[in-house]
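The values are calculated or read from the model by the stated rules, or taken from the named source; none is laboratory data. Just so it is clear, the structure is predicted and the values come from calculations on it, not from any experiment. Note that we place each Cβ from the backbone using ideal geometry, even for glycine, and neighbour counts take in every protein chain shown.
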Amino acid sequence: MFIKTVRGWEIPERDATPESLMLGRRSLLAGAAGAALLATPFAARAQGAPRNPKYDAGRELTPERDVTTYNNYYEFGTDKSISRAAQKLPVSPWSIKFEGMVGTPRTVDLDDILKKVQLEERVYRHRCVEGWAMTVPWTGFPMRDLVSLAGPTSGARYVVMVTLADPKTMPGLRSPTFEWPYVEAVTMAEANNDLAFIATGLYGKTLPKQNGAPIRLVLPWKYGFKSVKSIVKVTFTDKRPTTFWQGIQPQEYGFWANVNPEVPHPRWSQATERLLGAEQRVPTRIYNGYGDYVAGLYAGMTNEKLFV
Ligand SMILES: Nc1nc2c(c(=O)[nH]1)N[C@H]1C(S)=C(S)[C@@H](COP(=O)(O)O)O[C@H]1N2
Ligand SMILES: [Mo]
């Protein structure tokens, strides 16, 4: 009986119920078998997290198969077909270092972090600077909760997040073109914005390795490269760091990287985007359509290249 309930969650949503019915179905589950479900260790990284209805993506979900087989994860290779290679990623045990301007620098087990946060599901649009897009039900928790667990000091201005760099399992690390580890950063205000999300699952399941298991960032108003995967270190600093892509090609990739259809990348127009799994191009919107949440963050920053 219990096993059956859990299996229900594993049906890809495109095969199950339309998005609009999903919330109702989940609330029902939460009421009935839900109590038992939430109390089990299976709930730890994804299953049973209620969908937050505040974030309506206004688009069909991208089929799970596309989300999990069309990836950017350069540590495993430069093309989109790294999902098999990424299965070598060692994800357990996993811990995260809190460093720099924090009250107490320390290393914390991911499991201990997960005991202190409330998991929820959010459906977000994702826009890659290469011109493709997807719509994904992520499970996770607000980034501000990670920030508050880390305990930055009052002088901290940026949150820097670093991906695992494991030469034994990541063939991409042999490429001299890139300076590993992959690193990204946001301001404290961005990290504390409602939209900034830390994901530990997608489609109601534990996050697949190719999507950045066991814990990654999701910033839906920025180009996808800001959403760093497989985070092992979070550093707080008062100096803006050089991030991974910026370090390689500063004319093409900036620090802010907010989505804007009117500011072309040197190699790609940003006016439209291709929806994965849907043979369709649609117009791109400023801040990927999330301006109501984030435009205020950038008010008055006239000297900054906000959209590269
Ligand atoms: N560590 C790491 N994080 C990364 C990347 C990467 O190559 N390595 N690629 C980024 C880019 S360009 C995008 S579009 C998204 C892709 O996430 P997905 O594979 O889950 O779709 O991850 C981002 N995070
Ligand atoms: Mo991307």
Is there a residue in the range 282-298 that is free of Cβ contacts under 8 Å to residues at least 60 places away in the same chain, assigned to a loop (DSSP other than H, G, I, E, B) and either farther than 16 Å from ARG125 by Cβ or hydroxyl-bearing (Ser, Thr, Tyr) (or both)?
no
Exception for ALA191 within (1) buried (at least 21 other Cβ atoms within 10 Å of the Cβ); (2) more than 29 Å from ILE286 (Cα to Cα); (3) without any contact (Cβ under 8 Å) to a residue 60 or more places away in the chain falls at (2)
Among the numbered conditions (1) out of contact with any helix residue (DSSP H, G or I) (no Cβ under 7 Å at 6 or more places or on another chain); (2) surrounded by 17 or more Cβ atoms within 10 Å (Cβ to Cβ); (3) closer than 26 Å to MET161 by Cα, tell me where LEU275 comes up short.
(3)
Residue that is nearest to ligand 1 (Cβ to nearest atom) [pool: residues in the range 126-157 that are hydroxyl-bearing (Ser, Thr, Tyr) and within 20 Å of PHE197 (Cβ to Cβ)]:
THR135
Could you tell me which of the residues VAL160, VAL123 is within 18 Å of the chain's Cα centre (by Cα) and within 14 Å of ligand 1 (Cβ to nearest atom)?
VAL160
Here is a list of conditions, (1) surrounded by 13 or more Cβ atoms within 10 Å (Cβ to Cβ); (2) under 18 Å from PRO220 (Cβ atoms), and HIS265 meets all of them except one; can you say which number that is?
(2)
From the set of residues in the range 121-151 that are assigned to a helix (DSSP H, G or I) and of a type in the set (Gly, Ala, Ser), which is nearest to ligand 2 (Cβ to nearest atom)?
ALA150
Matching residues in the range 64-82 - criterion: being over 18 Å from ILE215 (Cβ atoms) and assigned to a loop (DSSP other than H, G, I, E, B):
TYR70, GLY77, THR78, ASP79, LYS80, SER81, ILE82
Checked the range 224-244 for anything touching an Asp or Glu at 6+ places or on another chain (Cβ under 6 Å) and more than 6 Å from ligand 1 (Cβ to nearest atom); matches are LYS226, THR235, THR243
Looking at PRO105, PRO93, PRO142, can you tell me which residue is under 16 Å from THR200 (Cα atoms), over 18 Å from the mean Cα position of the chain (by Cα) and either of a type in the set (Lys, Arg) or modelled with pLDDT of 95 or more (or both)?
PRO93
Could you tell me which of the residues GLN251, GLN270 is surrounded by 17 or more Cβ atoms within 10 Å (Cβ to Cβ) and part of a loop (DSSP other than H, G, I, E, B)?
GLN270
